[in-house]
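K.L.:
Got a structure for you, questions after.
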Amino acid sequence: MSAPSGLDHTPLTFTRHTIATTAGSIAVTEVGAGPALVMLHGGGPGASGVSNYHQNLPALAQRFRVILPDQPGFGDSYRPTEVDLDRHSITEIAVTAIFEALDRLEVRRFHLLGNSLGGAAAIAMAQTQPDRISGLVLMAPGGGWLPFGPTPTEGQKEMFRYYNGGGPSEKKMAAFIRTMVFDHKQFGQDVVKARYDASLEQSHIDFYHRYNAAFGKRHGMDPLWRDLHKITAPTLLLWGRDDRTITLDGAQIMLRNIRDVQMHIFGSCGHWVQLERAREFERLVGDFLGELS
């Protein structure tokens with residue numbers, strides 16, 4: 001992986017862990033040095049910690065010890081069963097597993113960043129163990145938002161369709177990516193193919209069917225918005241104005257109820273802020289968390 005122009009071109013050195021938790025193994029990748037920054041990925045087909053943020057790591061690894069877990073069900077981490085998903089929401093499962101993994105890595109206090117599904121886990125972590133979170137960055141997070149319009153949103157519908165109706169295809173992946181970003185023309189067929197290939201692992205496909213069914217049974221994400229006041233960490237909200245998955249109109253409740261909060265909105269930007277506005281994302285995250293370290 002090459003560093004973007006203007007950055008240190010020293011090759012990145014990744015450390016990979018497979019960490020046993022009480023529910024199953026969690027895959028974690030680390031890169032960089034400095035204050036710990038845990039980055040939680042979104043929930044689209046084929047997602048993982050590194051794939052979600054790989055383009056941002058050359059910049060962030062210069063300032064932070066970046067810790068990238070694959071959430072349960074994704075990447076190389078264990079796949080929750082139907083019984084697991086009946087007993088607990090995917091957010092509850094992720095929070096328990098990630099905290100256990102961090103305990104085993106002896107990471108006590110850390111900055112935390114989450115996008116979409118990972119944003120829901122980040123909110124829940126900041127609510128349940130607030131003393132461990134020194135700074136919080138949320139990019140269009142699930143669960144903490146109350147949209148004015150109908151749900152599921154356009155982007156959520158594309159996620160549900162992807163593994164249904166004949167299964168995955170490059171055409172369906174292209175349609176999914178179009179709903180995630182403002183200008184899909186900046187992402188060529190190579191991006192579509194890479195994400196499509198990552199979505200084909202059979203145990204992940206099987207998990208996604210269970211996950212979608214559980215999502216329907218629970219009528220969506222956990223209502224984390226009810227306890228936003230429990231977040232004590234200074235919080236930065238990042239949102240694409242044109243997000244069609246976790247829509248900007250639902251952000252008002254977070255601005256009203258998180259006690260120490262600020263927000264940056266990107267025009268002409270969809271759900272993947274870290275990809276569509278990579279350099280601005282890296283600068284904002286680095287400066288915000290750097291002042292808290």
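K.L.:
Do you know which of the residues in region 207-234 that are in a helix (DSSP H, G or I) and of a type in the set (Lys, Arg) is farthest from residue 109 (Cα to Cα)?
P.N.:
Residue satisfying both the conditions and the ranking: 217.
K.L.:
So, one more: List pairs: first in region 51-66 and touching a residue at least 40 places away in the same chain (Cβ under 8 Å) and surrounded by 19 or more Cβ atoms within 10 Å (Cβ to Cβ), second part of a strand (DSSP E or B) and among the basic types (Lys, Arg), Cβ under 9 Å, 6+ apart or cross-chain?
P.N.:
none
K.L.:
Which of the residues belonging to region 35-62 are closer than 23 Å to residue 153 by Cβ and in contact with a Lys or Arg (Cβ under 6 Å, 6 or more places away or on another chain)?
P.N.:
If the condition is that a residue be closer than 23 Å to residue 153 by Cβ and in contact with a Lys or Arg (Cβ under 6 Å, 6 or more places away or on another chain), then 46 is the only one that fits.
K.L.:
Among the listed residues 33, 20, 3, which satisfies the condition of being modelled with pLDDT under 95 and surrounded by fewer than 18 Cβ atoms within 10 Å (Cβ to Cβ)?
P.N.:
Numbers: 33 fails: modelled with pLDDT under 95; 20 fails: modelled with pLDDT under 95.
The unique qualifying residue is 3.
K.L.:
Now a separate question. If you go through region 278-293, how many residues are surrounded by fewer than 21 Cβ atoms within 10 Å (Cβ to Cβ) and either under 26 Å from residue 185 (Cβ atoms) or not charged (D, E, K, R) (or both)? Before you say what the answer is, go through the steps one by one.
P.N.:
The initial filter retains those residues of region 278-293 that are surrounded by fewer than 21 Cβ atoms within 10 Å (Cβ to Cβ), namely 278-280, 283-284, 286-288, 290-293.
Filter again for either under 26 Å from residue 185 (Cβ atoms) or not charged (D, E, K, R) (or both), leaving 278-280, 283-284, 286, 288, 290, 292-293.
Within region 278-293, residues that are surrounded by fewer than 21 Cβ atoms within 10 Å (Cβ to Cβ) and either under 26 Å from residue 185 (Cβ atoms) or not charged (D, E, K, R) (or both) number 10.
K.L.:
Now a separate question. Exactly one condition in (1) in a loop (DSSP other than H, G, I, E, B); (2) out of contact with any helix residue (DSSP H, G or I) (no Cβ under 9 Å at 6 or more places or on another chain); (3) in contact (Cβ under 8 Å) with a residue 24 or more places away in the chain is not met by residue 106; state its number.
P.N.:
Among (1) in a loop (DSSP other than H, G, I, E, B); (2) out of contact with any helix residue (DSSP H, G or I) (no Cβ under 9 Å at 6 or more places or on another chain); (3) in contact (Cβ under 8 Å) with a residue 24 or more places away in the chain, the lone unmet condition for residue 106 is (3).
K.L.:
For region 173-200, how many residues meet the condition of being part of a helix (DSSP H, G or I), in contact (Cβ under 8 Å) with a residue 24 or more places away in the chain and of a type in the set (S, T, N, Q)?
P.N.:
Residues in region 173-200 being part of a helix (DSSP H, G or I), in contact (Cβ under 8 Å) with a residue 24 or more places away in the chain and of a type in the set (S, T, N, Q): 2 in total.
The values are calculated or read from the model by the stated rules, or taken from the named source; none is laboratory data. What you see is a predicted model, and the numbers here were worked out from it, not measured in a lab. Positions of Cβ are backbone-derived with ideal geometry, glycine not excepted, and every protein chain shown enters the neighbour counts.
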